[in-house]
Amino acid sequence: MVTALQAVIRTMRTDIEGSSQRLRRLLEPEHVARFGHEELSWLAREIGTIAQVDPALAIAIYETAFGFEDPDGTTPVRLGNSQILGLTANRRQNYQQAWWGLGEALPGLLRDHLDVGVRAVSRAIGGYVQRAYPPLDEPSQSGEVPYGDRPAHYQPDRSFQWYRGGFVRPQDGPALFQKFDEYLTRIAGEPDGADKVAAIIETLKTETGHAVFWASLLLVAAKHPELASLMIPLATSPLVMIGWDTRHPLGQFFAAVYGALDPGQRSEIERSLLALTGKAGEDAKKRLAGTIPPNLVTTDAMRAYLADLVESGEARPNTPVVQITTSTRPYDTDAYLATEGVRVDAPANAAVRDALRAVETLPKLTMVDELDVDQARMRIAALKALSGQVAGADRDVVDAKLISLAEGTLAEHTAAIARLNPGVLADGQVWRRLADLLLACAASTNPVPSAEVEARFDDDGVWGGPSARTSAADGLIRLAGVRLAPDADVAAAVRALARDPVCHVRLHIVQHLNFLAAGDLAPWMWEELAVVIASEPTRGVVGGALEAVSALSRIDIGRTITLAKAVLQRYLNDASPGAASCRTAAMTFIAQLHVWDINAEADAFFESCLQPASLDTVLISTWVCQFSANLLVGSLVDPNDPQHGVRQKTLAFYARALDAADAIIAEIDAGRGLGTFGQWSESDQARVRAAFDVVDEVALRLSFALGAHAQNTAPEAQPVAERVRLYAEAKPLLDRLADAPIANIAHNLIQGLEVVIDVDPSGVFAVIARTIRAAARGGYGSESLAVPLIIGIVERYLAEHRDVFADPDRLKDLIDSLDVFARAGWPEAQALTFRVADIWR
């Protein structure tokens, strides 16, 4: 259809009437609703040609395109046919491409065909307003404005809202009109600007006369006084004066160029303004009269009217009907408390507020080990003063919201010392003072349990603050962790906070339970983790327990695997929020143990995850990505480096992932052949796509590790020797990937191989050619992104490694590779094929 459309447009001159009739069928409302998202953007691309041959059709295209918006924002639509860059949008977004294309074409249309361009944007704005802004009960109505030998129309369009209200939409009608506005502003300053503006006015006089155009003409004349006389009919029209779309621009016009008008013109404006009546007229009169420079007032009646306004105090500013204003200021605790109804100036609140202010002025801690012991003691003094005020406050008198804020701030600042400066905790006095402060905060009623927070915690994992018990939990677990035999009060508080009724308080204990592994609380730590995993109602907290479990693998790998498996068992068939995240975290933890440790249980579990019948392709693809950092690890000089084992396990995992994916593809294919893929059931198609996603991820990660897309990386950050080693070790994987018939897999693989050409010129080219042959079945030869890559590689070989093609097999690889793209019609490949023939003739 697109090809036919282009052919008709580009041959319009051979049969203008017949071509236009066919193209106008595309603008019928029912057809636009069904196919506009596919066709209109192509019409927009050819609008210049259409305007030359059939201006009326070009205008109709603008009117139709902006008079409709596809309501379907969910149905996916592919952008192009590329498998390598498989971008998608939806029908509405695709339709909006037509708006964008017509907007981009408008300046050229206005330049080359001014009358057509003005009519086109006028009809487009008419369609937009009718669709998006139904009539509003405005003071100004439509009507005629006497304008020379032919009146102009005035039509309110609510542009005071959609164009001059402080925000302009970056698409649709407002974006199109902005193109017109920019053109109008540009030509106004040109030598023939007055003639062009006059021509625009003459064209607009034959159109609907939407107010947005008249407002822009007034504003451009305000910047170019030589255009002022052209605007007198607008400046003296009651419709323009009263209309919400034009009143403010008219006032700007008066203020800027009133002095450029002759006395007769000024007198006419003042008489028209004073003649306004009614509620809307009186309001406009008061606003516009004030925009006239006092020293330029011409009539006695206007002078008297202005004097009466000043005396009565009824003068009004000529402000826009709609304004968007913003303001910012630094966070102000007093202002916040005032919004909460707390009177900070009340005597009962003053002492607590002063102590809180002293803590708030402490420099914020952001760096680890930012404090030494003496500095920590200085901060603790301010914190202790605040704690004393909170403890001694009369809760019946001091505002409870102020107390809550003070407790939360106290806990946050105290926990920050413990979290960011663990070195100071070795000082017994500092430890004791921090513990006392945090224990006091742990007894706070802040935060209060909230069913809403608990319900959404599995999804978003967020909470409000400052929260006294939450920060106290964060600090106390750290204090408990630095002592083998923790203080009894601290230990009791940690246990209590682990069972707190608020989920994010529990989380701050549970996710750091591993801090207790070396001390007397270790037995309780293991028991608590088991309890949390078995019965904790909030899955976000269970996820925190898994964080602690993963940190304990060096302590007791068997126990941590048991706990992770308990998570899997608990959420085996659970589809509720957060359950899948917990399952993934548990499985990934065990998989990491397989790669980074030697453990038979982890190895067996990992192997079970790679069985084709139960393969979770999304999870496997995630692991392929996560473990890709291991592909270059391992010392180049130390054969005993344990990282070698990590690298080898990762490569073995990649091979097993390919085995599983290939098995799924082979099972579903069952001799049918991928050429019949479109005839398969949706479930079969989905499983095969998912399996190829695994293959694609392996190819992509190997490509990155070999150095693809690393051109902008500093040379010292590129471990070239490690990549040479990877190429040798991953050669079997590269050979397997070369057989994939999928274009984007081939492209990723070839980009990685390109980096290591110099390592093994003949071997690399053999794999590249093998990849091209296989992917040609999947349309790789038609990919525009593939052409420069392959041509560049071949030219590099001809320049630097021509001897490779002395081998008949490699020469055949070369001819076969070029043939794939030459047969697809790419001129670059055809030209290079002739060059190769000349070289070996």
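The values are calculated or read from the model by the stated rules, or taken from the named source; none is laboratory data. Not measured: the values here are computed from a predicted model. Counting neighbours? That spans all protein chains shown, and the Cβs are built from the backbone with ideal geometry, glycine included. For accessibility, only protein heavy atoms count, side chains too; no ligands or nucleic acids. Shrake-Rupley method; radii C 1.70, N 1.55, O 1.52, S 1.80 Å.
Worth pointing out:
Here is a yes/no grid of residues against (1) outside any strand (DSSP E or B); (2) under 29 Å from the mean Cα position of the chain (by Cα); (3) surrounded by fewer than 19 Cβ atoms within 10 Å (Cβ to Cβ):
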residue: GLN141; (1), (2), (3): yes, no, yes
residue: GLU144; (1), (2), (3): no, no, yes
residue: ASP149; (1), (2), (3): yes, no, yes
residue: TYR154; (1), (2), (3): no, no, no
residue: ARG164; (1), (2), (3): yes, yes, no
residue: ARG169; (1), (2), (3): yes, yes, yes
residue: LEU176; (1), (2), (3): yes, yes, no
residue: GLU182; (1), (2), (3): yes, yes, yes
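- Lone unmet requirement of (1) surrounded by fewer than 20 Cβ atoms within 10 Å (Cβ to Cβ); (2) in contact with a Gly (Cβ under 9 Å, 6 or more places away or on another chain) for LEU434: (1)
- Those residues of region 645-694 which are open to solvent by 70 Å² or more (accessible area, probe 1.4 Å), of a type outside the set (D, E, K, R) and closer than 30 Å to ASN599 by Cβ, in sequence order: GLN648
- Which listed residue, of VAL694, VAL698, VAL688, is at pLDDT below 95, part of a helix (DSSP H, G or I) and either among the aliphatic types (A, V, I, L, M) or farther than 22 Å from ALA769 by Cβ (or both): VAL688
- Residues being touching a helix residue (DSSP H, G or I) at 6+ places or on another chain (Cβ under 7 Å), part of a helix (DSSP H, G or I) and not acidic (Asp, Glu) - total across region 799-814: 5
- Hits in region 522-542 (condition: of a type in the set (S, T, N, Q) and open to solvent by 20 Å² or more (accessible area, probe 1.4 Å)): SER535
- Within the option set LEU513, LEU439, LEU497, being crowded, with 17+ Cβ neighbours inside 10 Å and over 25 Å from ARG570 (Cα atoms) holds for one residue only, LEU439.
- Only one entry of LEU204, LEU239, LEU217 meets the criterion of being open to solvent by 10 Å² or more (accessible area, probe 1.4 Å) and within 22 Å of SER272 (Cβ to Cβ), and that entry is LEU239.
- Unique residue being of a type in the set (S, T, N, Q) and within 41 Å of the chain's Cα centre (by Cα) when the list is SER404, SER387: SER404
- Residue list for region 725-744, filter: open to solvent by less than 20 Å² (accessible area, probe 1.4 Å), out of contact with any Asp or Glu (no Cβ under 9 Å at 6 or more places or on another chain) and part of a helix (DSSP H, G or I): LEU726, ALA730, LEU733, LEU734, LEU737
- Scanning region 659-682 for residues that are over 14 Å from THR617 (Cα atoms), at pLDDT 90 or above and under 34 Å from the mean Cα position of the chain (by Cα) returns a single hit, GLU682.
- Filter result for VAL424 (at pLDDT below 95 and buried (at least 20 other Cβ atoms within 10 Å of the Cβ)): yes
- Just one of the listed residues (VAL453, VAL448) is open to solvent by 20 Å² or more (accessible area, probe 1.4 Å) and part of a helix (DSSP H, G or I), namely VAL453.
- When the residues of region 295-315 are filtered to those that are touching a residue at least 12 places away in the same chain (Cβ under 8 Å) and assigned to a loop (DSSP other than H, G, I, E, B), the one that is most open to solvent (accessible area, probe 1.4 Å) is GLU314.
- Counted residues, region 552-575 - those being closer than 26 Å to GLU454 by Cα and either aliphatic (A, V, I, L, M) or open to solvent by less than 10 Å² (accessible area, probe 1.4 Å) (or both): 8
- Pair list, Cβ < 8 Å and 6+ apart or interchain, from region 276-294 residues that are under 12 Å from LEU309 (Cβ atoms) and in a loop (DSSP other than H, G, I, E, B) to residues that are of a type in the set (Asp, Glu) and open to solvent by less than 50 Å² (accessible area, probe 1.4 Å): ILE292/GLU270
- Considering region 488-602, the qualifying helices (runs of 4 or more DSSP H), each wholly inside and each with 2 or more residues that are modelled with pLDDT of 95 or more and more than 36 Å from the chain's Cα centre (by Cα), run over 488-498, 522-535, 557-570.
- Scanning region 609-644 for residues that are within 16 Å of ILE598 (Cβ to Cβ) and in a helix (DSSP H, G or I) yields a total of 3.
- Put simply, of VAL8, VAL32, VAL2 the only residue that is without any contact (Cβ under 8 Å) to a residue 24 or more places away in the chain and touching a helix residue (DSSP H, G or I) at 6+ places or on another chain (Cβ under 8 Å) is VAL8.
- Complete set of residues in region 759-818 that are open to solvent by 50 Å² or more (accessible area, probe 1.4 Å), closer than 21 Å to SER703 by Cβ and of a type in the set (A, V, I, L, M): VAL759, LEU785
- The set of residues from region 29-72 being open to solvent by 40 Å² or more (accessible area, probe 1.4 Å) and among the β-branched types (Val, Ile, Thr) comprises just one member, THR49.
- Contact annotation: residue pairs with Cβ atoms under 7 Å, 6 or more positions apart or on different chains, pairing a residue in region 81-103 that is part of a strand (DSSP E or B) with a partner that is open to solvent by less than 90 Å² (accessible area, probe 1.4 Å) and modelled with pLDDT of 80 or more, are ASN90/ASP72; ASN90/GLY73; ASN90/THR75.
- Members of region 389-411 that are over 14 Å from ARG357 (Cα atoms) and of a type outside the set (A, V, I, L, M, F, W, C): GLY392, ASP394, ARG395, ASP396, ASP399, LYS401, SER404
- Scanning region 1-21 for residues that are open to solvent by 20 Å² or more (accessible area, probe 1.4 Å) and under 17 Å from GLN52 (Cα atoms) yields GLN6, ALA7, VAL8, ARG10, THR11, ARG13, THR14, ASP15, ILE16, GLU17, GLN21.
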